[in-house]
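Before any comments, here is the structure.
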Amino acid sequence: MASAVSDVSITETKMAETEKKKVIKPLKNFPMEEYINSGHRACQGCAEVLAVRHVLKAIGPDVVMAMATGCMEIISSPYPYTSWTVPWIHIAFENAAAVASGIEAGLKALKRKKRIPDKEITILAMGGDGGTTDIGFQALSGMMERGHKIIYVCVDNEAYMNTGIQRSSSTPFGATTTTSPAGRVAPAGQMTWKKDMVAIAAAHGIPYTATACPTFYNDLQKKILKAKEVDGPSYIHILSVCPTGWRVPLHKAIEYGQLAVDTGVFPLYEVENGVWKLNRKPKELKPVVEYFKGQGRYRHLDDTLTAEIQDKITARWNRLVKMCEADKED
Amino acid sequence: MGQKVGIEVSIAAADAVGLCDVDVVAAYPITPQTHVVEHLAELCASGHLDAEFVPVESEHSAMSVCCGSAAAGARTFTATSAQGLALMAEIVYIASSMRLPMVMFLANRALSAPLSIWNDHSDTMMVRDCGWVQVFCQNGQEVYDSIFHAFKVSEDKRVSLPVMINVDGFALTHVIEPIEFWTKEMVKQYLPPFQPIHTLHPDKVVTMGAFGMPEIYTEAKKALDVALWNSGPVVVEAWNEMAKLTGRQYLPVEKYRTEEAETLILAMGSICETASLAVDEMRESGRKIGMINLRLWRPLPTEELIKALAGARDVIVLDRALTPGGANSPLTSEIRTLMYAEPNRPNIYCMVAGLGGRDVTPNDIKVMVDTALADKHTGHYIYGVRG
């Protein structure tokens, strides 16, 4: 009995402490409905599942979703369980864009032939960076070229995390993974630069493409809504911090998302009907070391390599700013 | 009754697909499948067919689009050949395991290497275990009729499985044959509208394609096996129904001059018509020989096959695919396994012939029969190797 009494007193103390902390206000205009339920098997601190949650909140219930094999598929659908409260299909790794193309074509034909009610339905395709920038690249290109009205979302955690952190073409230069370890021959770990997917998407001439990050959830939701409205394909590339794969503390995903954007490593921008526009322009970029600090995957970088990366990031940022400003003047 | 016209088999098949009022066609061009999809593209472009024609960037995407559209509840068709089937093979297995109804026209062609655009059955044998209903066609009329039959079987709620129609490349796809056409009324009478069990639609939320832990995977595969076996009676039922409508009766196992036959030739596809000519000639010279045409490859019509083969002394299987380094070639292995437990089983010989478009004449078939009966090889015998 004595121990029970003391337990109660501990709880009371804790509660008193919590009350002193800043209360987080409910977000304005933030949809309360959930379309991916809790209880899924994502790692602690996963920002990717957060991105999925925000994307679906923005679209709402009238959606059909095709998902590639990967983290988000594995965590959400161990038969007979499902986390999805929207119609969802998974076929394979490299074909989310093609499966979505089929769904779009099928629903379009059925609506035209009056076999199903004429209801506005958003088709959403989603894959990780592996399923999008590597193995699913061709299917995605086909989907964009053919002009299907589909939102394709790449949730990019910068490696094959589901299979145990192997490098992809979206892994940034200097990051170590299990297949791009740092060593005498390959001092940087990943020795290649991240594939520029938004530029590739824009080169397809699709009406809308953008980058986003769940740290900036308002920006993310706004972009999804824009994508929903355009008549044709759209491509949204979302940086999704993976504490497990990046080797950062579990509670730091949001913070690292902010740093990625504010260092210029992952700028927030969009290309709407060919017009490039920066969505967040810090007065001055933070040095990339601030972003690298605390990330296990960058721990091996020396000053020379860091300086090399900094130069490249700065150059890329300047080019992006220039492009966006040129488009603004037009 | 419909009208009989001389027409290229591929064009007729595409017309049949059009008559079925298909909703989505997704295909990637590959010889000798092209004429089918070209004609479908024309039908869509001219407005004769109200369907979405999705000109995909690969066969892998063709099958993926088909999975998406079938899951959305649309009547779905694709066509391919050899390398195309190889590329889509991953998704071919998924379509059946997820019980997605669709029809595939497979213009049978040899697999590379060396690259060959010509006919054999190595492509279809590569996906033998894919869990689809698989039928073979002997002539153009069969190909045409098979389209209606395939949609009916595939979309039947008791089946809900994809159906593959095997059509010998060039030997059938590119020949002009007299074909009796169906009328729209006949199709309407025969083929009910597609009413899928589950579809992807926000009004009724479903999750499709969940992953299977070890405790469920075996059960899922067992379910597919049961579903495929159960499709057998539906396949036959749909053929019987067609017979009432067209007067043409198809059977899973067809016999040709098998009365009192000591020797039987067993084959699938267009080679059967050639074999029947050889049988005629050999019968004329007094030999007791007949032919078995196996039309339904999956699910295998085991009872009918056993009944058809049990009385014979020798069975010569004409295999149009090779199993390098294996016990025997695919069709022969299947027949041997089936007959193993039969007390009065015949001798079963394998003749691999017609690979990569090598012509097989009635005379070749006579030579193969004689060779098999004289040599009594237990393994596969590759007929006609030069040098």
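Brief remarks follow.
- Taken as a whole, the range B:112-130 holds no residue that is of a type in the set (D, E, K, R), over 19 Å from the mean Cα position of the chain (by Cα) and closer than 28 Å to B:Ala223 by Cα.
- Here A:Val248 passes the criteria (1) under 15 Å from the mean Cα position of the chain (by Cα); (2) assigned to a loop (DSSP other than H, G, I, E, B); (3) over 17 Å from A:Asp134 (Cβ atoms) except the one numbered (1).
- Filter result for A:Ala100 (closer than 29 Å to B:Met208 by Cα, hydrophobic (A, V, I, L, M, F, W, C) and either part of a helix (DSSP H, G or I) or at pLDDT below 95 (or both)): yes
- Any pair with Cβ under 8 angstrom, 6 or more apart, that starts in the range B:67-78 at a residue that is facing chain A (nearest Cβ under 7 Å) and ends at one that is among the charged types (D, E, K, R) and surrounded by fewer than 24 Cβ atoms within 10 Å (Cβ to Cβ): B:Gly73/A:Arg115
- Evaluating A:Met143 against the criteria (1) among the hydrophobic types (A, V, I, L, M, F, W, C); (2) crowded, with 24+ Cβ neighbours inside 10 Å; (3) facing chain B (nearest Cβ under 8 Å) leaves one unmet condition, (3).
- Single residue of B:Ala341, B:Ala278, B:Ala321, B:Ala312 found to be within 16 Å of the chain's Cα centre (by Cα) and small (Gly, Ala, Ser): B:Ala321
- Contact map, the range B:197-208: residues that are in the same structural domain as B:Ser154 (by TED's automatic domain parsing) paired with residues that are among the aromatic types (Phe, Trp, Tyr) and part of a strand (DSSP E or B), Cβ distance under 6 Å, separation 6+ or inter-chain. Pairs shown: B:Thr207/A:Trp84; B:Thr207/A:Trp88.
- For the range B:225-234, the criterion of a residue being over 26 Å from B:Thr80 (Cα atoms) and acidic (Asp, Glu) is satisfied by no position.
- Residues of the range A:282-330 that are within 22 Å of the chain's Cα centre (by Cα), surrounded by fewer than 16 Cβ atoms within 10 Å (Cβ to Cβ) and farther than 19 Å from A:Ala175 by Cβ: A:Pro282 alone.
- The listed residue being in a loop (DSSP other than H, G, I, E, B), over 23 Å from the mean Cα position of the chain (by Cα) and either away from chain A (no Cβ under 14 Å) or under 24 Å from A:Thr69 (Cα atoms) (or both), out of B:Thr199, B:Thr173: B:Thr199
- Of all residues in the range B:178-206 being among the polar types (S, T, N, Q) and surrounded by fewer than 16 Cβ atoms within 10 Å (Cβ to Cβ), the one that is nearest to B:Gly68 (Cα to Cα): B:Gln195
- Failed item in (1) surrounded by fewer than 24 Cβ atoms within 10 Å (Cβ to Cβ); (2) within 12 Å of chain B (Cβ to nearest Cβ); (3) touching a Lys or Arg at 6+ places or on another chain (Cβ under 8 Å); (4) of a type in the set (Asp, Glu), with A:Asp118 passing the rest: (2)
- Residues of the range B:68-83 that turn out to be closer than 21 Å to A:Gly106 by Cβ and assigned to a helix (DSSP H, G or I), as a count: 4
- Scanning the range A:46-97 for residues that are assigned to a strand (DSSP E or B) and at the interface with chain B (Cβ under 8 Å from one of its Cβ atoms) turns up A:Val63, A:Val64, A:Ala66, A:Pro78, A:Trp84, A:Trp88, A:Ile89, A:His90.
- Picking from residues in the range B:111-153 that are surrounded by 24 or more Cβ atoms within 10 Å (Cβ to Cβ) and aliphatic (A, V, I, L, M), the one that is nearest to B:Val17 (Cα to Cα) is B:Ile147.
- Residue match in the range A:146-167 (condition: surrounded by fewer than 24 Cβ atoms within 10 Å (Cβ to Cβ), facing chain B (nearest Cβ under 10 Å) and over 17 Å from A:Val49 (Cα atoms)): yes
- Test: residue in the range B:324-347 that is assigned to a helix (DSSP H, G or I) and free of Cβ contacts under 8 Å to residues at least 12 places away in the same chain: yes
- Residue within the range A:209-229 that is closer than 28 Å to A:Val63 by Cα, surrounded by 18 or more Cβ atoms within 10 Å (Cβ to Cβ) and acidic (Asp, Glu) present: yes
- Selection status of A:Ile123, under 21 Å from the mean Cα position of the chain (by Cα), more than 14 Å from chain B (Cβ to nearest Cβ) and modelled with pLDDT of 95 or more: no
- Considered as a group, the residues in the range B:79-95 that are more than 12 Å from chain A (Cβ to nearest Cβ) and not aliphatic (A, V, I, L, M) include one that is surrounded by the fewest Cβ atoms within 10 Å (Cβ to Cβ), and that residue is B:Gln83.
- Criterion: at pLDDT 95 or above, surrounded by 24 or more Cβ atoms within 10 Å (Cβ to Cβ) and in a helix (DSSP H, G or I) - qualifying residue of B:Val54, B:Val22, B:Val36: B:Val36
- A search for C-beta distances below 6 Å between a residue of the range B:2-28 that is basic (Lys, Arg) and any residue that is crowded, with 18+ Cβ neighbours inside 10 Å and in a helix (DSSP H, G or I), counting only pairs 6+ apart in sequence or on different chains, returns nothing.
- Qualifying positions in the range B:238-275 - closer than 21 Å to B:Leu355 by Cβ and either free of Cβ contacts under 8 Å to residues at least 40 places away in the same chain or out of contact with any Phe, Trp or Tyr (no Cβ under 6 Å at 6 or more places or on another chain) (or both): B:Ile265, B:Leu266, B:Ala267, B:Ser270, B:Ile271, B:Cys272, B:Glu273, B:Thr274, B:Ala275
- Count of residues meeting criterion [part of a helix (DSSP H, G or I) and over 17 Å from A:Ile200 (Cβ atoms)] in the range A:211-245: 18
- The range B:351-387, subset in contact with a Leu (Cβ under 8 Å, 6 or more places away or on another chain) and outside any loop (DSSP other than H, G, I, E, B), residue modelled with the lowest pLDDT: B:His380
- Residue tally, condition outside any loop (DSSP other than H, G, I, E, B), farther than 19 Å from A:Gln295 by Cα and touching a strand residue (DSSP E or B) at 6+ places or on another chain (Cβ under 8 Å), over the range A:132-173: 11
- Criterion: surrounded by fewer than 23 Cβ atoms within 10 Å (Cβ to Cβ) and of a type in the set (A, V, I, L, M, F, W, C) - qualifying residue of A:Val241, A:Val248, A:Val261, A:Val271: A:Val248
The values are calculated or read from the model by the stated rules, or taken from the named source; none is laboratory data. Keep in mind that this is a model prediction, so the values were computed, not measured. Glycine gets a Cβ as well: all are built from the backbone with ideal geometry, and neighbour counts include every protein chain shown.
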